[in-house]
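> Just dropping this structure here.
The values are calculated or read from the model by the stated rules, or taken from the named source; none is laboratory data. Computed from a predicted structure; not experimentally measured. Every residue, glycine as well, gets a Cβ built from its backbone with ideal geometry; the counts of neighbours run over all protein chains shown. These accessible areas exclude ligands, DNA and RNA; they are computed on the full protein's heavy atoms, side chains included. Shrake-Rupley method; radii C 1.70, N 1.55, O 1.52, S 1.80 Å.
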Amino acid sequence: MTDMTERDDFLDFPDADELIAAGTVAPPSNAKVMAVRDIVALLAERETEQAPTATAHANVVPLATARRGGPAASLAPPEDLPEDPLVVLGPDGPRTAPRQRRLSRRGRVLVAAAAVAAIAVGAAVYPVLDVTGKPLSTASAASQFLNDMAKVSTEAPATHGTYWMVHYWVKDGRSTATVTVYSDRAGATWIRQPNGKLSRSGHNIADWNVGDRRLPWTEFDHLPTEPEKLKARFPKNAEERFGQIMSLLAESPASPDLRSALFQIVAETPGVTMTPEVKDSRGRPGTEIVLRGTRRVDKQGAKPVSLPYSLRYVIDPDTSRVLESGSAGANPLVRTTYLEVGWTNHIS
Amino acid sequence: MTTGLDDEELLGRTARDPASFEPLVERHSAALHGYFARRAPGAADDLLAELWLQAYATRRGFDPARGSVRTWLFGVARNVLSAHWRRVAAARPDIPRAIGDDDPWEAVDNRLVAEAVAPRLRELLAQLPSEERELLLLVAWEQLTPSEAATVVGIPAATARTRLHRARNRMRSGAPFDLTGDLK
């Protein structure tokens, strides 16, 4: 029996055709495939510095456009831009001889990263840099907005209760679930699961990442509320710091003063953009904050590459509460929508 | 020119000429994108890029004795998909899951619902052990032969055949009007 008739044999059951038909998907656009091919081409080029063999492609990311604030440049934070003058890799670009100025290795990795990001986010990009490399107004507007949120935070009354409650809706591409997490001062945690069952959590989720430490909220009082001092407790890496702080703002019982200081720290993050008057996935109005950048990925047996990331939050401008978190784009990996966050005296 | 070469020749050349890798991207991206789109809709574009970076980085690990380049690429895709779902699960560890952290079944089932597949068929698939289901879907959707599917999953071909045989029998026995073994 040949392999293929064997295949048919294994698919010989009722409604197998229906199953096969249900697997029909649209092919990826040619542009996406070309963009991926160009990433591979760039990686290949890095390995053959002295003997370039790549041929001209019409679809590579035009870097000159990128430098002018187009999609590619907008994906890299200002601090990560290569210092070399960028070279156009477009249809008339240097892939055909003569190769005037080759990109620095770092520059090319960024191009690759930008190309991946271009695939990932499509047209939904936010300019970060203008011609001169100065931040555009969106970035300073984001900073202004986050500083405003610092003020709004201090206006909130400091409240207390027996349990800190985070009631959220999470969507992760496979499934959705509505979960409520309660934690008390002793660090015990209970979870109300989607099926209504209440269970004591196996792991302690009442702790939050602060730098390298896992900090229970009972120790929040020991954290400084002076932004510069507080910032020193968090990672130096902008992405990690931003993520940790936004997580505290979204889910932790930080006091109004602490929240205010946290907002002031994130307000200084370069590359953050803001979009007012958006709606979260539950239709609630808010302001969107996005941090985009690239992170270095080390794969065993290969030279490290940089891949883009994006962190997206929707904040209620009236209360400074985080309404939603996830990555940017139409289909974030994990999206958490906060339905109710605060103190309660009862586990309900 | 590299376009006239087959996959194995191209991959063999990449040691001297890394650019030989590019035609592979053009040849196999549609099938690999389909693999992701069926099991992680929404993340398929990102995973395709990740797959090619991973495949390029580990291309020296390809062993022609163990199967074709195409099969090897599906194996890499399987690892990328698995890592994707593990990452997703790790992002919210407080959510209890009925299935393995890296099992794409829920996403696959959502697709079957969207495609209005008969509930009975979905139920039968849901009841299959995950490794039988994975093999069956690789054969049905990726059009792999049983031995190719075995290589992708990393098990002996004979084991895969046994599991596929069992899966087919389960899919038959659960069907209505099937007391004699005849199909409806």
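> Scan the stretch A:1-25 for residues that are modelled with pLDDT of 90 or more, outside any helix (DSSP H, G or I) and either open to solvent by less than 60 Å² (accessible area, probe 1.4 Å) or facing chain B (nearest Cβ under 7 Å) (or both) and jot them down.
Selection gives A:L11, A:D12, A:F13, A:A22, A:G23, A:V25.
> Kindly indicate whether B:L5 is assigned to a helix (DSSP H, G or I), more than 30 Å from B:A114 (Cα to Cα) and at pLDDT 85 or above.
The answer is no for B:L5.
> If you don't mind, there's one more thing I want to ask. Can you tell which of A:T269, A:T275 is surrounded by 15 or more Cβ atoms within 10 Å (Cβ to Cβ) and assigned to a strand (DSSP E or B)?
A:T275
> With respect to B:A90, determine if the residue is within 29 Å of A:K197 (Cα to Cα), more than 8 Å from chain A (Cβ to nearest Cβ) and not aromatic (F, W, Y).
So B:A90 passes the test.
> Which ones in the stretch B:109-130 are surrounded by fewer than 13 Cβ atoms within 10 Å (Cβ to Cβ), at the interface with another protein chain (Cβ under 9 Å from one of its Cβ atoms) and part of a loop (DSSP other than H, G, I, E, B)? Walk me through it before giving the result.
Pass one, the stretch B:109-130, residues surrounded by fewer than 13 Cβ atoms within 10 Å (Cβ to Cβ): B:113-114, B:116, B:119, B:123, B:127, B:129.
Next cut, at the interface with another protein chain (Cβ under 9 Å from one of its Cβ atoms) only: B:114, B:116.
Scanning the stretch B:109-130 gives a single hit, B:A116.
> May I pose another question? Can you list the strands (runs of 3 or more DSSP E) lying wholly within the stretch A:178-245 that have 3 or more residues being within 14 Å of another protein chain (Cβ to nearest Cβ) and either of a type in the set (F, W, Y) or more than 23 Å from A:E324 (Cα to Cα) (or both)?
Values: elements: A:189-192, A:198-200, A:207-210, A:213-216.
Once the strands (runs of 3 or more DSSP E) in the stretch A:178-245 are filtered for at least 3 residues that are within 14 Å of another protein chain (Cβ to nearest Cβ) and either of a type in the set (F, W, Y) or more than 23 Å from A:E324 (Cα to Cα) (or both), what remains is A:198-200.
> Only one residue in B:E9, B:E26 is closer than 26 Å to B:L135 by Cα, without any contact (Cβ under 8 Å) to a residue 12 or more places away in the chain and surrounded by fewer than 23 Cβ atoms within 10 Å (Cβ to Cβ). Which one? First the steps, then the outcome.
Details: B:E9 fails: closer than 26 Å to B:L135 by Cα.
None of the other options fit; the residue is B:E26.
> Got at least one residue in the stretch B:154-174 being of a type outside the set (D, E, K, R), touching a residue at least 60 places away in the same chain (Cβ under 8 Å) and not assigned by TED's automatic domain parsing to the domain that holds B:R70?
yes
> I've got another one for you. Quick check on B:G42: is it more than 10 Å from chain A (Cβ to nearest Cβ) and outside any helix (DSSP H, G or I)?
The answer is no for B:G42.
> Within the stretch A:26-43, restricting attention to residues that are more than 7 Å from chain B (Cβ to nearest Cβ) and in a loop (DSSP other than H, G, I, E, B), which residue is nearest to B:L51 (Cα to Cα)?
The extreme case among them is A:S29.
> Working carefully through the options A:A250, A:A261, find the one that is in a helix (DSSP H, G or I), touching a residue at least 12 places away in the same chain (Cβ under 8 Å) and within 16 Å of the chain's Cα centre (by Cα). Let's see the steps before the verdict.
Working: A:A261 fails: within 16 Å of the chain's Cα centre (by Cα).
Matching residue, one of A:A250, A:A261: A:A250.
> Restricting the search to the stretch A:328-348, which residues are of a type outside the set (A, V, I, L, M, F, W, C) and modelled with pLDDT under 80?
The answer is A:G329, A:N331, A:P332.
> Can you tell which of B:D63, B:D46 is open to solvent by 40 Å² or more (accessible area, probe 1.4 Å) and more than 26 Å from B:L112 (Cα to Cα)?
B:D63
> Out of all the residues in the stretch A:139-163, which are of a type in the set (S, T, Y) and either closer than 30 Å to B:E50 by Cα or at pLDDT 90 or above (or both)? Talk me through it step by step, then tell me what you get.
Pass one, the stretch A:139-163, residues of a type in the set (S, T, Y): A:140, A:143, A:153-154, A:159, A:162-163.
Of everything in the stretch A:139-163, those that are of a type in the set (S, T, Y) and either closer than 30 Å to B:E50 by Cα or at pLDDT 90 or above (or both) turn out to be A:S143, A:S153, A:T154, A:T162, A:Y163.
> Considering the stretch B:131-143 alone, what residues qualify as being facing chain A (nearest Cβ under 9 Å) and either of a type in the set (K, R) or surrounded by fewer than 22 Cβ atoms within 10 Å (Cβ to Cβ) (or both)?
Result: B:A140, B:W141, B:E142, B:Q143.
> Hey, another quick one. Of the residues in the stretch B:55-71, how many are within 9 Å of chain A (Cβ to nearest Cβ) and among the aromatic types (F, W, Y)?
Count: 1.
> If you go through the stretch A:207-233, how many residues are farther than 25 Å from A:V181 by Cα and of a type outside the set (D, E)?
The qualifying residues number 8.
> Testing B:E123 on (1) under 23 Å from A:P194 (Cα atoms); (2) touching a residue at least 24 places away in the same chain (Cβ under 8 Å); (3) not assigned by TED's automatic domain parsing to the domain that holds B:P156, one condition comes back false. Which one is that?
It is condition (3) that B:E123 fails.
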